[in-house]
Amino acid sequence: ATPTSIMVGTGKAAENGILFKGGEHLEGTHQLQAIVLDKTGTITKGKPEVTDFSGDEETLQLLASAEKGSEHPLAEAIVTYATENEIDFVDVDDFSAIPGHGIEATISGKHILVGNRKLMQKHQIVLEDSEEKLVDYETNGKTAMLIAIDGKLRGIVAVADTIKETAPEAIKHLKELGIEVIMLTGDNERTAQAIAKQVGIDQVIAQVLPEEKSDKVKEIQSQGKKVAMVGDGVNDAPALVTADIGIAIGTGTEVAIEAADITILGGELLLIPKAIKISHATIRNIR
Ligand code: ADP
Ligand code: MG
């Protein structure tokens, strides 16, 4: 009856929008003890919007033009904001993304930096009295980015992303199933804590560089725990592979879906506890 039960289990899951890549992952799902969730696009909708901008018009023009070269959701928010404010975009001569830090660009001879404190420190930009403002944004769950032009701080832009409506309920169900829930993000500690609080997560690993995400999963595994990683981004792919079970958000990138063992349609987080319940019912039938 074993293969039949597995077929029934994965079939039931599929009907609910939970796509298992193979029946063997039902067993792995049954054994899970901890779940690591990416923040942006997994717990949040991944559609951030600019809430605050301080700086002059030239700063906004250079900021938005530079961000046009980035595929990051933060960049999209800034480009949308500038478009709404009828800013004319200018040609970018040189652009590079610095993972976990921000971006760097050259526009008509001017050197532009947009990103977090780490990026500004690397370039020895003096932050003057902006720390208080940053803390205020971050405490409210916003992601704040600093803008420097030719070595001088010229502005701050803050964006907010909203949590998925069903996220708190999904986290609650996971905890009821006895699963440890952890948030993993490249964003700063304060913003991460504010979002975690909104959804009921009490373990946060923040300021993690993209290439470090998979190491964090390994650390939890080294405590003897079976771990699932849930993510949507290209950055999450190595961690999805490392985890005992990788779960991709159906609305996420193709790369994440490729790397995962399970895909949840529509990015509905309630499907994660649902998948665990189905795995329990299936494995119980086998034994
Ligand atoms: P996550 O996707 O988990 O939020 P990332 O590693 O992509 O984290 O980014 C970490 C931080 O790097 C962001 O919170 C932001 O401060 C900075 N950053 C990344 N991309 C950009 C960008 N295009 N423009 C400005 N800052 C950025
Ligand atoms: Mg993400």
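The values are calculated or read from the model by the stated rules, or taken from the named source; none is laboratory data. What you see is a predicted model, and the numbers here were worked out from it, not measured in a lab. Neighbour counts run over all protein chains shown; Cβ positions are idealised from the backbone, glycine included. Protein only, heavy atoms only, side chains kept; ligands, DNA and RNA dropped before computing areas. Shrake-Rupley method; radii C 1.70, N 1.55, O 1.52, S 1.80 Å.
Accessible area per residue, 1.4 Å probe, Å², for the chain: what's the number?
On the way: 13240 Å² over 287 residues.
About 46 Å² of surface per residue is accessible.
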Practice problem: For every other residue with a beta carbon closer than 9 angstrom to the beta carbon of residue 32, add +1 if it is Lys or Arg and -1 if Asp or Glu, then tell me the sum. | Solution: +1
Quiz item: Summing Lys, Arg as +1 and Asp, Glu as -1, what charge do residues with Cβ under 13 Å from the Cβ of residue 67 carry, residue 67 excluded?
Solution: -2
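When Lys and Arg each count +1 and Asp and Glu each count -1, what net charge do the other residues less than 10 Å away from residue 77, Cβ to Cβ, add up to? Don't jump to the answer; show the numbers that get you there.
Working: positive: 47; negative: 49, 67, 76, 161.
Residues near residue 77 contribute -3 overall.
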Quiz item: What is the list of residues in the range 124-154 whose amide nitrogen lies under 14 Å from a point 7 angstrom out from the Cα of residue 52, following Cα to Cβ?
Solution: 129-147
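Could you tell me the relative contact order of the chain? Use alpha-carbon pairs under 8 Å, at least six residues apart, and round to a whole percent. Mind showing how you got there, number by number?
Working: 588 pairs, mean separation 69.9, N = 287.
So the answer I get is 24 percent.
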Quiz item: Given the C-alpha centroids of the range 61-130 and the range 28-47, what is the distance between them in whole angstrom?
Solution: 29
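I'd like to compare 212-225, 157-170: which one has the highest average count of other Cβ atoms within 10 Å, and what's the full order after that?
Working: 212-225: 15.8, 157-170: 19.0.
By packing density, highest mean first, the sequence is 157-170, 212-225.
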Quiz prompt | With every protein chain in place, the chain: carbon and sulfur % of accessible area (1.4 Å) | solution = 49
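Using 30 Å as the Cα-Cα cut-off, could you pick out the over-long pairs in 118/274; 12/142; 21/47; 118/277?
On the way: 118/274 39 Å; 12/142 39 Å; 21/47 28 Å; 118/277 42 Å.
Cα-Cα > 30 Å for 118/274; 12/142; 118/277; rest within.
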